[in-house]
1. Which listed residue (22, 32, 74) has the Cα farthest towards the positive end of the charge dipole for segment 1-152, taking +1 on Lys and Arg C-beta and -1 on Asp and Glu C-beta about the Cα centre?
2. Could you please put 79, 275 in sequence from largest to smallest accessible area, using a 1.4 Å probe?
3. Roughly to the nearest percent, how much of the accessible area of the chain is carbon and sulfur, given a 1.4 Å probe?
4. With every protein chain kept in the model, how would you rank 155, 317 by accessible area, 1.4 Å probe, largest at the top?
5. Heavy atoms of the protein only, probe of 1.4 Å, neighbouring chains included. What is the accessible area of residue 352 in Å², nearest 10?
6. Could you report the accessible area of residue 14 in Å², rounded to 10, computed with a 1.4 Å probe on the protein chains as they sit in the structure?
7. Positive end of the charge dipole of segment 307-464 (Lys, Arg +1 and Asp, Glu -1 on Cβ, about the Cα centre): tell me which of 368, 435, 334 has its Cα farthest that way.
8. Using +1 at the C-beta of Lys and Arg and -1 at the C-beta of Asp and Glu, which of 118, 211, 225 has the Cα lying farthest in the positive direction of the dipole of the chain?
Amino acid sequence: MEISQERLEKMTPKEKQMATANIPKLVLSFSIPTIIGMLVQALYVAVDRYFVAQIYGVGEDALSGVALASPVSLIVAAFALLVGVGSAANISIKLGRGDRDGAEKVLANAFLLNMILSVVLGVLALFFLEPVLIAFGASEATLPFAYTYTSIKLYGIVFTFISFSMNHPIRAAGNAKRFASAQLLGGILNIFLNPLFIFTFDMGIAGAGWSTVLAQGISAAWVMMYYFRGNPAIRLRRKFMRLEKVHVLAIASIGVAPFLMQILGSAVTIIANHFLRIFGGDHAIGAFGAVGAVMALFIMPVFGIAQGSGPITGFNYGMGNMERVRKTYFYSAMYAVGICVIGLIFLVTLTEPIMGMFTSDPDVLALGVNGMRIVVWTMPVAAFQMNASTFFMALGRAKMSVLLSVLRQGLFLVPLYFILPQFLDINGVWLAAPVADLTAFTVTLLVILRELRRLRTQVPVAQS
């Protein structure tokens with residue numbers, strides 16, 4: 001597709017790069033900063049759980065308490081993603097069409113939505129927190145740790161929304177390095193603050209919560225500085241500071257896909273914790289949390305690639321350059337699967353020493369080693385599915401993205417948690433995710449092949 005000289009002259013340097021640069025290099029240049037940021041975020045979750053597990057005398061219960069808090073964190077992240085990813089996809093497409101005012105109106109609506117949702121969700125969550133954690137599987141031994149850690153993090157929920165959700169439009173405008181810097185800032189700060197608050201200040205599990213709040217607060221300030229200082233690609237303008245139905249619906253229509261993914265992820269974690277407690281006790285929940293934190297070190301970079309390539313996909317889709325859209329998908333999928341192949345080899349080879357970093361308790365160690373050796377084998381398949389779902393988000397094809405997410409987690413995974421443990425005991429809990437991944441992969445492959453064929457001949461479809 002030829003781009004007119006007039007259109008090129010109106011583009012910012014980042015937009016010209018998305019429209020004309022070599023795709024394989026472009027995907028890497030946009031993804032690497034995002035991968036680094038996501039990797040640090042995953043690392044700080046792992047480090048968070050590592051230091052919590054070292055708290056003398058209560059490490060195993062504290063580790064299980066943090067794991068039980070995970071569904072609450074996922075629900076908060078779901079609402080932040082609803083606004084962040086929904087606004088980012090719309091901004092990318094509007095910038096591709098040359099509609100800068102439209103992009104900034106979406107940004108202003110996203111900011112207002114974040115403020116409203118963070119306050120409402122934070123108040124409701126704090127009010128109902130104890131019964132919610134009990135319903136999520138907290139026992140008498142683990143509830144105090146889960147409650148303390150979660151309630152403190154909820155005090156800083158506004159920082160979570162800003163640092164996470166308002167960062168996505170920065171990536172959508174083509175500034176992957178700034179996007180990653182906010183993640184790096186929060187992640188690295190949390191890694192250093194964790195031992196300081198937990199051990200030096202002798203705050204225990206509360207220190208893990210406050211270190212996260214402080215780190216996210218500083219990260220949030222860094223994100224907001226982007227919109228008001230220097231020469232950003234898009235600005236947060238006062239004149240657009242009002243909620244408009246058309247923009248709210250546009251954000252929600254695309255953001256509903258990652259929102260449902262996170263909500264389903266939270267529900268799946270709750271169900272998994274329930275069966276882990278039945279078949280393995282509180283220690284099995286802690287082991288499950290440790291395994292998840294380690295696997296996230298490879299899964300989060302996959303999200304980094306998907307998110308890094310999203311602005312390229314959305315911008316070129318908005319321009320109508322379908323060949324570049326197809327190439328962007330191909331290379332992002334190839335890189336994502338490659339990362340998880342490396343992760344699979346690494347985790348299979350070093351399972352025992354990795355789990356040994358989290359606990360010296362022989363029961364927890366045995367549960368974690370056994371579980372990791374079961375769940376890691378379908379990591380490359382999971383990477384393919386995540387990349388495909390995010391690809392549809394970037395196209396504004398929310399319904400298809402939702403379908404792929406619900407297919408894997410709702411239709412396949414949840415029933416497997418109820419069925420497999422009845423025959424395979426705790427191994428059935430661990431095996432549910434790999435079986436669901438393999439089953440959903442077939443459908444995902446057929447859907448993505450059909451979409452790539454459609455993109456050969458058709459102009460952009462209306463957002464759905």
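The values are calculated or read from the model by the stated rules, or taken from the named source; none is laboratory data. Nothing here was measured: the structure is a model prediction, and the numbers come from that model. Cβ coordinates were reconstructed from backbone atoms using ideal geometry, including for glycine residues, and neighbour counts include every protein chain displayed. Side chains are part of the model used for accessible areas, which takes the heavy atoms of the whole protein and leaves out ligands, DNA and RNA. Shrake-Rupley method; radii C 1.70, N 1.55, O 1.52, S 1.80 Å.
1. 22
2. Numbers: 79 50, 275 15 Å².
Reading off the accessible areas and sorting them downward yields 79, 275.
3. Working: 12430 of 18380 Å².
Of all accessible area on the chain, carbon and sulfur atoms account for 68 percent.
4. Numbers: 155 140, 317 0 Å².
Correct descending sequence by accessible area is 155, 317.
5. 100 Å²
6. My reading of the accessible area for residue 14 is about 80 Å².
7. The residue sitting most towards the positive pole is 334.
8. 225
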